[in-house]
1. Show log10 I(q)/I(0) for segment 1-153 at q = 0.10, 0.16 Å⁻¹, two decimals, from a solvent-free Debye sum over equal Cα scatterers.
2. Give the order of Met104, Met111 when sorted by the count of other beta carbons within 10 angstrom, beginning with the fewest.
3. What percent do you get for the relative contact order of the chain when only Cα pairs under 8 Å and 6+ apart count?
4. What is the magnitude of the charge dipole of the chain about its Cα centre, with +1 placed on the Cβ of each Lys and Arg, -1 on the Cβ of each Asp and Glu, and no other charges, expressed in debye to the nearest 20?
5. Search the structure for amide H atoms under 5 Å from the amide H of Phe59, placed 1.01 Å from N in the peptide plane, and list their residues when 5 or more places away or on another chain.
6. As a check on your grasp of the helix formula, calculate [θ] at 222 nm for the chain: sum -39500 (n - 2.57) over DSSP H runs of n ≥ 4, divide by the residue count, round to the nearest 500.
Amino acid sequence: MILEFQRYGRNKETTVDSSYISGGEYRRKFDSIIDNAAVSRILYSKAKEMLLHRSGTLFEDMYWFDGASGAVLASVLDETAEEQIGYTTAVARAIDGVVNLIAMHTHPNSMPPSIADFNSAFRHKYAVSIVICHDGSVYIYASAQEVPEYLYKLYVENFLRIGYTDKEAQLAALDKIKQSYDIDYCEVR
């Protein structure tokens, strides 16, 4: 039933290029995220799985992994609210107290991590956080402190007002916040 709903009215802007994500260039992005080759292979495999599952939709998928072994600790693959992930009690229990936790989720509109993503990474103490975008871009990010969402929104609005695109404004806002807050991110090339 959910798959039928997802496929109805396919969104061309969020359709994944399956040839690209199956290719070597995309695969190598995951090799540069983590030094453990076995974990890197698992991350790549699950990234492909999530992107193909959500291609053409605005729904997100998310996995949480043990960073040492690559074992899947929890997942949300049936979200029915667009552009968000709900943390269930089962997910919270599965990741509570885990060290070296890796979180990876999709961004259908191919935007960089949001301030909500950074704050979630901080609250849950993720060792590595990854956003995989439907356009093939991959971002890694980390946060060692909470960032006020209103500040992020203010910066984004200011950059939009002077002519930046949505993506440019979000990236510029993150760069501005990095100057005063203990966050970091980069696009994996």
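Every number in this text was worked out from the coordinates using simple rules, so none of it is lab data. This structure is a prediction, so every number in the text was calculated from the model and none was measured. Using ideal geometry, Cβ is built from the backbone for each residue, glycine included, and neighbour counts are taken over all protein chains shown.
1. At q = 0.10, 0.16 Å⁻¹ the computed log10 ratios are -0.33, -0.88.
2. Numbers: Met104 24, Met111 18.
Fewest to most other Cβ atoms nearby, the residues stand as Met111, Met104.
3. On the way: 321 pairs, mean separation 35.5, N = 189.
For the chain, the relative contact order is 19 percent.
4. 280
5. Correct list: Glu83.
6. Details: 8 runs with 79 residues, N = 189.
So the calculated ellipticity at 222 nm is -12000 deg cm²/dmol.
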